[in-house]
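The block underneath contains the structure these notes are about, expressed in C-alpha cells.
Just so it is clear, none of the values below were taken in a lab; they were calculated from the coordinates. Note that this is a predicted model, so its numbers are computed, not measured. Counting neighbours? That spans all protein chains shown, and the Cβs are built from the backbone with ideal geometry, glycine included.
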Amino acid sequence: MLRIQGLVKVYPGPVTALGGLDLTVPVGMFGLLGPNGAGKSTLMKILAGLLEPTSGSVTLDEIDVVAHPEKVRERLGYLPQEFGFYPHLNGEQMLIHLLRLKGVAAPGGLKALARDLLERVNLGWAARRSVKSYSGGMRQRLGVAQAIAANPRLVIVDEPTAGLDPEERLRFYHLLTELAQDRIVLLSTHIVEDVAVLCPRFAVIRRGRLVAETNPRAAREALRGQIFEGTAGPDEIAELRAQRRVTQAILVEGRHRVRIHEPEGRPPAGFEPVPPTLEDAYLLLMGAGAAAAAGAAGPAVRASRATGENGGAPATTPSAVDEIGAPR
Ligand SMILES: Nc1ncnc2c1ncn2[C@@H]1O[C@H](COP(=O)(O)OP(=O)(O)O)[C@@H](O)[C@H]1O
Ligand SMILES: [Mg+2]
C-alpha cells in the first residue's frame, strides 16, 4: 500500500505545486486525473524518490520513501513524462543501457533479461530496430520495459498515453492492465478516457489539491438524472452558457450539441435526460462549479476542497472548462 500524507511541494518562485495532499493507493490500477499544471508530475517525482517534498510523508509498504529513497528504489518502476532515448541505438541496446544504469540484477545476463522484457511488452519483434524508428506507443512500451525490470511493487507511469494514436493506446491499456494484476500501478493522465477504461479507483487533482477520490461508476451515478442533452444554434449558445452549466458543446453539422448539468432536473425545453459520463463528472469538478459538483456527488466524492478559482483546461475539451467556469 502507498500512503501519502499532507504532502506539500513549494518550488522556488514560490510555486505551490502540491498544497497538502492525502491519498492512500491500494494494489491494482489507480488513476491520477488532472489538467496540465495540477501537480501530477511533481507528485510522481516525489513518489519515485527523485524530488524532495517541502513537507509531508510518503510510505510504501511502511517504508518511508522521503527518508529512505534508496530503499524503495528497487521496489519501484518509474516511467517519466519526458523519457529520453538515444536514437542511434536499437531497442535492445537501449534497454540494456537503461538496465545497466539502474543497476538491475540479472543473473542470466542483461541481454537475456532485455530480451525477456521486450517480449513482455510486445517489442520482441522490434528489438533490432533503431529506437529512432519506433512509434510513440513503441517508445512508451520500451519505457515500461525498463520500469518493470526489477519486478517492482509500485509502477508509476506519468501521462503515458498522451500522443498515442487510438490503436497504440488500446495496446498500451492492455499492457498496463496486465501489470496491475499483482502490484500498484499509478497512472497519471489528463485524458478522462484513460481512467474510464482502466481505473477501478481514481483521484482528481487540481492546483495541487485533491478534488475527489472515487471510482468511475460512482462518479457517473452521482450525476444520474442531472445531465441533459439538446441542440442549440450559433445564436442561442451564448445565452445558454450564461444561464446554464454547460459541460460540453460539440459542433455537429453546424449546430451545437450541448450537454448541461441541472442538479434540480429541470432542463430547458427540447433537452432530454442522458446517461452521465465520466467526462461530465470531471468537467464539473474542474470548473468553478467544483463545489456544487462535489456536493451533488455526495458520498461518492470523499474529499472536496473546492476553492472556487478556475482550473486549467483539460486538453481533451479545452473550451468546456470556460463553459462550466462561467457564472450562472
Ligand atoms: N522545477 C519547477 N520549478 C518551478 N515550478 C515548477 C517546476 N516544476 C513544475 N512547476 C510548477 O508546478 C506546478 C505543477 O506542475 P507539474 O507537477 O508538472 O503538473 P502536471 O504534471 O500535472 O502538469 C505548475 O504550476 C508548474 O509550472
Ligand atoms: Mg506532468
What are the ³J(HN,Hα) values, in whole Hz, obtained from phi via the Karplus relation 6.51 cos²θ - 1.76 cosθ + 1.60 with θ = phi - 60°, for each residue of region 267-284 in sequence order, with x given for Gly and Pro?
x, x, 4, x, 9, 10, x, 9, x, x, 10, 5, 4, 4, 4, 5, 5, 5
If one computes P(r) from the Cα atoms of region 82-188, what percent of pairs lie at distances over 15 Å?
60
Counting only the backbone N, which residues of region 240-272 are under 11 Å from the spot 7 Å out from the Cα of T231 toward its beta-carbon?
252-258
Inter-site label distance for E221 and D61 at 7 Å from Cα along Cβ, in nm:
3.3
Between helix 166-179 and the chain: long-axis angle, C-alpha atoms, 0 to 90°, nearest 10
60
Measure nothing but the geometry: give the 0 to 90° angle between the long axis through the Cα atoms of 91-102 and the longest principal axis through the Cα atoms of the chain, rounded to 10°.
80
What are the ³J(HN,Hα) couplings of region 237-246, residue after residue, when phi is run through the Karplus curve with 6.51, -1.76, 1.60 and θ = phi - 60°? Round to Hz, x for glycine and proline.
5, 4, 5, 4, 5, 6, 9, 10, 8, 7
Amide H neighbours of R201 under 5 Å, counting only residues 5+ apart in sequence or on other chains, H built in-plane at 1.01 Å?
G31
Taking the beta-carbon count within 10 Å as an exposure proxy, list K40, K111 from fewest neighbours to most.
K111, K40
0 to 90° range, to nearest 10: angle between helix 110-120 axis and the chain longest Cα axis
30
As I understand it, the dipole of the chain uses +1 on the Cβ of Lys and Arg and -1 on the Cβ of Asp and Glu, about the Cα centre. Which of A222, G124, P166 lies farthest toward its positive end?
G124
In terms of the ratio Rg/(2.2 N^0.38 Å) built on C-alpha atoms, what value belongs to the chain?
1.08
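For region 131-179, what is Rg from Cα atoms divided by 2.2 N^0.38 Å, rounded to two decimals?
Dividing the Cα radius of gyration by 2.2 N^0.38 Å gives 1.11.
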Assigning unit charges at the beta carbon (Lys, Arg +1; Asp, Glu -1) and nothing else, what dipole magnitude in debye, to the nearest 20, does the chain show about its Cα centre?
780
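Using Cα pairs closer than 8 Å and at least 6 residues apart in sequence, work out the relative contact order for the chain, in percent.
Value for the chain: 19 percent.
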Treating the beta-carbon of each Lys and Arg as +1 and of each Asp and Glu as -1, no other charges, what is the dipole magnitude of region 136-191 about its Cα centre, to the nearest 20 debye?
160
From DSSP H assignment alone, runs of 4+ in the chain each adding -39500 (n - 2.57), the sum over residues rounded to the nearest 500 puts [θ] at 222 nm at -9000 deg cm²/dmol
Counting other Cβ atoms within 10 Å, which GluC sites (Glu not before Pro) in region 24-115 have at most 16 and lie in a DSSP loop?
E62, E74, E82
Once the piece of chain linking L101 and K71 is laid out straight, how much longer is it, given 0.36 nm per residue of separation minus the C-alpha distance between them?
9.1 nm
